1. Do you know the relative contact order of the chain, to the nearest whole percent, from alpha carbon pairs under 8 angstrom that are 6+ apart?
2. Which percent of the accessible heavy-atom area of the chain goes to carbon and sulfur, probe 1.4 angstrom?
3. If only Cα atoms are counted, what is the Rg of segment 219-289, and what is its Dmax, in Å?
4. So if I place +1 on the C-beta of Lys and Arg and -1 on the C-beta of Asp and Glu, and nothing else carries charge, what would the dipole magnitude of the chain be about its Cα centre? I want it in debye, nearest 20.
5. For segment 20-171, how big is Rg over Rh, using alpha carbon atoms and the Kirkwood form of Rh?
6. Express in % the proportion of alpha carbon pairs of segment 1-106 at distances exceeding 18 Å.
7. For the chain, what does -39500 (n - 2.57) per DSSP helix run (n ≥ 4), summed and divided by total residues, give at 222 nm, in deg cm²/dmol to the nearest 500?
8. Whole percent per 10 Å bin, from 0 to the bin with the longest distance: what is P(r) over all C-alpha pairs of segment 270-336?
Amino acid sequence: MLDISNLSKLDKARIFEVGVRNPNLRTFDISLTTDRGTTYNSYLLLGNKNVLIDGVRADFAEEQISNIKKVIDPRKIDYILLNHTEPDHAGSIASILDIAPNAKILSSRCANIFIKEIIHREFKWEEATEGFSIDLGWDSLSMISAPLLHWPDTIMSYLKKSKILFSCDAFGAHYCPDDMLNTSPSQIRSYMLYYADNIIRPFKSKVRSALGKLDNMEISGIAPSHGPIHSNTKEIIDLYTEWSKKPSVGDSVRILIAYCSTYGYTEKMAEMIKTKLTSLGATVVIKEIIEENIHDIRTELELSQGLLIGTPTIAGDAPDPAWRICSLFHTVEKGIKLASVFGSFGWSGEACELIKHRLEGLKVPTIQHLKVRFLPNQDSTEKIEAFAEGFYNTLADKTPKTATQHSA
Ligand code: FEO
């Protein structure tokens with residue numbers, strides 16, 4: 001439990017952080033590395049109405065409840081405001097309702113649907129529509145709708161006089177600080193970027209919408225759902241403005257060729273395809289799928305309209321790097337309008353079909369793949385160039401004219 005009232009220079013203890021620290025966590029949500037652990041932040045506002053903002057993971061419910069009890073008798077909680085219902089913040093709500101029977105859940109309508117399936121019981125509920133406000137006496141807490149930042153049910157909330165934004169996952173970091181209130185942006189910048197890159201990045205347009213709403217608001221404190229609470233708010237908002245910028249697209253059709261190659265045969269196909277596409281007027285970025293290139297490949301997935309994955313077949317399957325590209329799709333704001341697959345094979349050549357099916361499962365339009373047995377030679381050139389040309393022409397038809405003005 002931490003009194004954070006001085007964040008808004010209050011003369012009385014009215015704002016508390018009652019969440020949980022988890023400094024030893026090393027993996028979050030199955031795949032994110034957390035070498036500084038994380039925190040599950042929850043805030044308690046005292047006043048005419050007592051408002052608890054968010055819960056924590058279910059396995060930390062007892063610790064959160066203990067923190068709440070250090071501040072207030074839970075029976076006096078009037079509202080439990082859910083900024084969103086992801087279970088790292090909603091998991092403890094059932095346990096809290098056990099000891100806070102008078103509390104009404106306040107959330108978006110979408111969150112109401114989700115929370116029913118998380119707590120499986122009757123509960124009092126009120127919709128947190130945009131601008132809905134709770135009068136605390138010394139301040140008022142108003143709601144800001146922010147769907148898909150990063151869940152469909154997301155809202156933020158704002159203490160008007162105190163100028164504190166409770167921002168849900170936005171502006172957060174998986175970083176368990178020594179000091180929740182005095183961690184500088186430079187200290188956690190890389191952690192915030194990693195977090196934004198992995199959690200917020202696919203919803204960049206929603207970040208831009210949310211930042212637009214914050215534009216005319218004075219914000220002296222940002223209280224996110226993970227990591228330190230920010231008082232250098234301009235610096236923090238500037239970071240998100242930078243990270244959520246719309247990618248600038250050039251004038252020509254842009255195509256990413258991402259390939260892996262065991263003996264250089266698929267690589268040779270990639271180079272031949274690149275040469276043909278370039279001759280047609282496309283901007284082609286070619287990347288071998290290795291860990292060092294993954295950051296650039298993600299960026300290219302946002303900048304490019306076309307994607308060609310090159311993969312050999314190994315023992316009847318595509319190797320991990322080819323699947324890795326498919327797994328990046330949910331982590332970026334997608335710009336890909338057309339994709340296909342090519343590759344060299346020796347015995348049976350299943351990889352291209354498998355990766356193409358995966359792309360189709362991701363709802364990416366595709367054209368027929370191309371596979372060549374072993375080393376492509378002069379006989380293969382015609383097929384490879386026809387494949388590249390067919391891909392280019394189909395993509396050009398799907399791409400606004402401003403991006404094809406150099407085409408032949
Ligand atoms: Fe930290 Fe979207 O949950």
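1. Values: 879 pairs, mean separation 45.2, N = 408.
It comes to 11 percent, rounded to a whole number.
2. Values: 8760 of 17760 Å².
In the chain, the share of accessible area belonging to carbon and sulfur is 49 percent.
3. 20.9, 58
4. On the way: 46 positive and 51 negative charges, 147 e Å.
Dipole of the chain, to the nearest 20 debye: 700 debye.
5. On the way: Rg = 14.7 Å, Rh = 15.6 Å.
Across segment 20-171, the Cα-based Rg/Rh ratio is 0.95.
6. It works out to 47 percent of all Cα pairs.
7. Details: 12 runs with 130 residues, N = 408.
Value at 222 nm, helices only, nearest 500: -9500 deg cm²/dmol.
8. 19, 50, 29, 3
The values are calculated or read from the model by the stated rules, or taken from the named source; none is laboratory data. What you are looking at is a predicted structure, and each value in this text was computed from that prediction instead of being measured. Neighbour counts are summed over all protein chains in view; Cβ atoms, including those assigned to glycine, are modelled from backbone coordinates with ideal geometry. Quick note on the areas: whole protein, heavy atoms, side chains included, nothing else; ligands and nucleic acids left out. Shrake-Rupley method; radii C 1.70, N 1.55, O 1.52, S 1.80 Å.
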